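Trainee: Below is one structure. I have some questions about it.
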Amino acid sequence: SSKPELAKKQILLHAEQQFPDGTVYHWWHHGTGMGAITHCSDDLLWLDFITLNYLDETNDEAILETKVKFLPDPKTKEVTEGTLYDHCLRAIDKALTRFSPRGLPLIGECDWNDGLSHVGINWKGESIWLGHFLYGILQRFASIIEKRGDKKRAQEYLKHAAGLKEALNVHGWDGEWYVGATRDDGRPLGSKTQKEGKIFLNCQTWAVITGTASPERAKQAMASADKMLYKKYGPLLLTPGYSQTDPTIGYITRYAPAVRENGGLYTHAGTWAVQAEAMMRDGEKAYSAEQYTQKATA
């Protein structure tokens, strides 16, 4: 970080948008007390992710002891506070309560792709991407926990991570790439069995970034992404885009195919493709993905 003090300030600001149970606002208007309470399943984990990245860059472990207020408890209206470390643990622990019988995280109203707003509204649908993401957080945070002397919790997180990795590869592998998600009724998204939305970019890139994929599967998943998603203007979020409104998927299907969340190019996700290709030691593909992403956002 070129200005770590700004990153620190932003992390603590975001920590203040967390409820005592570990859930967070989906968005908020700073200083107004107004924010959106949703059942999106990834929001609460980004605090952990950015804190881990900040620690990697700065080694400023003192930030974990900084006291930060929680949002008022919805039931009692009581305002409490805890260390940033406590905030991070509450987010992880809440995420660990939202799992399917198959050992995969529940998607709720959406994961990173907000447009998947109806995939899991009954808390039965699963998110493969969220599994990759959470696995990485569990692995990385466990080392911090162990360093702080809580070996029992560290081992619990590593056990959860191992089970999650296995579930992702047993239930989330589609033969040539990782599935995107499952709906409340069990039908998959991001699968070769589907006419539209056959493959999701994030589920391939994050399998590489966090190491849930074996070397062979990582190579196959990224080859599938290259073949099906990489275009001259950048890597698509998914393909083919949905052409019919589907109430079991969400508002993503109300966009035209290949627009916004419905299979368009997002620089955010495109940079993860660059990162994954770099981690695969394929400099040519990483460079190409970066060039395409830059052209698309110029």
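The values are calculated or read from the model by the stated rules, or taken from the named source; none is laboratory data. Keep in mind it's a predicted model, so treat the numbers as computed, not measured. Here Cβ is always computed from backbone atoms with ideal geometry, including for glycine, and neighbour counts include all displayed protein chains. Just the protein is used for accessible areas: all its heavy atoms, side chains included, with ligands, DNA and RNA removed. Shrake-Rupley method; radii C 1.70, N 1.55, O 1.52, S 1.80 Å.
Trainee: State the dimensionless ratio Rg/Rh of the stretch 45-128 (Rg: radius of gyration of Cα atoms; Rh: Kirkwood radius).
Mentor: On the way: Rg = 15.6 Å, Rh = 14.8 Å.
Rg divided by Rh gives 1.05.
Trainee: Moving on. Mind pulling the angle between the C-alpha long axis of helix 267-279 and the longest principal axis of the chain? Nearest 10 degrees, somewhere in 0 to 90.
Mentor: With rounding to tens, the tilt is 80 degrees.
Trainee: Which value in Å is the Kirkwood Rh of the stretch 146-234 over different Cα pairs?
Mentor: Numbers: mean 1/r = 0.0695 Å⁻¹.
Taking the inverse mean of 1/r over all distinct Cα pairs, the stretch 146-234 comes out at 14.4 Å.
Trainee: Taking the Cβ of GLU109 as the center, what net charge do the other residues with Cβ under 14 Å away carry, scoring Lys and Arg +1 and Asp and Glu -1?
Mentor: Values: positive: ARG98, LYS124, ARG183; negative: ASP42, ASP43, ASP111, ASP114, GLU126, ASP184, GLU261.
Here the count lands on -4.
Trainee: Quick check: at a probe of 1.4 Å, how many percent of the accessible area of the chain sits on carbon and sulfur atoms? Walk me through the numbers before you get to the answer.
Mentor: Details: 7470 of 14250 Å².
Solvent-exposed carbon and sulfur of the chain make up 52 percent of the total.
Trainee: Oh, and also: Taking springs between alpha-carbon atoms closer than 10 angstrom, which of LYS165, LYS69, LYS195 fluctuates most in the Gaussian network model of the chain?
Mentor: Ranking LYS165, LYS69, LYS195 by mean-square fluctuation puts LYS195 first.
Trainee: Which shape class, rounded, prolate or oblate, goes with the stretch 1-104 when its Cα gyration tensor gives a ≥ b ≥ c as root eigenvalues, a/c under 1.5 marks rounded, and past that a/b bigger than b/c marks prolate? The partial results should precede the final answer.
Mentor: Values: a/c = 1.71, a/b = 1.21, b/c = 1.41.
Judged from the Cα gyration tensor, the stretch 1-104 comes out oblate (a/c at least 1.5, b/c at or above a/b).
Trainee: Quick one: Karplus J couplings for the stretch 78-93, per residue in order, coefficients 6.51, -1.76, 1.60, θ = phi - 60°, nearest Hz, x for Gly and Pro?
Mentor: 6, 9, 10, 9, x, 5, 4, 4, 5, 4, 5, 5, 5, 5, 5, 4
Trainee: Taking each pair of distinct Cα atoms in the stretch 70-204 once, what is the resulting Kirkwood hydrodynamic radius in Å? Before the final figure, lay out the partial values.
Mentor: On the way: mean 1/r = 0.0624 Å⁻¹.
After inverting the pairwise mean of 1/r, the radius is 16.0 Å.
Trainee: Right, here's the next one. Round to a whole angstrom and tell me the spacing of the C-alpha centers of the stretch 1-77 and the stretch 244-282.
Mentor: Their Cα centres are 25 Å away from one another.
Trainee: Hey, any idea what the orientation-averaged projected area of the convex hull of the stretch 103-159's Cα atoms comes to, in nm²? Before the final figure, lay out each step's value.
Mentor: Working: hull surface 17.0 nm².
Across all orientations, the stretch 103-159 yields a mean hull projection of 4.2 nm².
Trainee: Roughly what angle does helix 46-58 make with the longest principal axis of the chain, taking Cα atoms, 0 to 90 degrees, to the nearest 10?
Mentor: So the helix axis and the longest Cα principal axis differ by about 80 degrees.
Trainee: Also: So what is the calculated 222 nm ellipticity per residue for the chain, using -39500 (n - 2.57) for each DSSP H run with n of 4 or more, over all residues, to the nearest 500 deg cm²/dmol? Don't jump to the answer; show the numbers that get you there.
Mentor: Working: 9 runs with 129 residues, N = 298.
Mean residue ellipticity, 222 nm, calculated: -14000 deg cm²/dmol.
Trainee: Could you tell me how many degrees, from 0 to 90 and to the nearest 10, lie between the Cα long axis of helix 215-228 and the main elongation axis, the longest principal axis, of the Cα atoms of the chain?
Mentor: So the inclination is approximately 60 degrees.
Trainee: Using alpha carbon coordinates only, what is the Rg to Rh ratio of the chain, with Rh defined as the Kirkwood radius?
Mentor: On the way: Rg = 19.0 Å, Rh = 19.8 Å.
Radius of gyration relative to Kirkwood radius: 0.96.
Trainee: Averaged per residue, what accessible area in Å² does the chain show with a 1.4 Å probe, protein chains only? All intermediate terms of the calculation are to be shown ahead of the outcome.
Mentor: On the way: 14250 Å² over 298 residues.
Heavy-atom SASA per residue in the chain reads 48 Å².
Trainee: Over 25 Å between Cα atoms: which of LYS94/LYS151; LYS94/LYS159; LYS8/LYS152; LYS124/LYS165; LYS195/LYS231; LYS124/LYS159 fall into that group?
Mentor: On the way: LYS94/LYS151 20 Å; LYS94/LYS159 16 Å; LYS8/LYS152 28 Å; LYS124/LYS165 19 Å; LYS195/LYS231 20 Å; LYS124/LYS159 23 Å.
Table pairs above 25 Å Cα-Cα are LYS8/LYS152.
Trainee: Also, I was wondering about something else. Distance from the Cα centre of the stretch 168-187 to that of the stretch 217-236, in angstrom?
Mentor: What the calculation gives is 18 Å, centre to centre.
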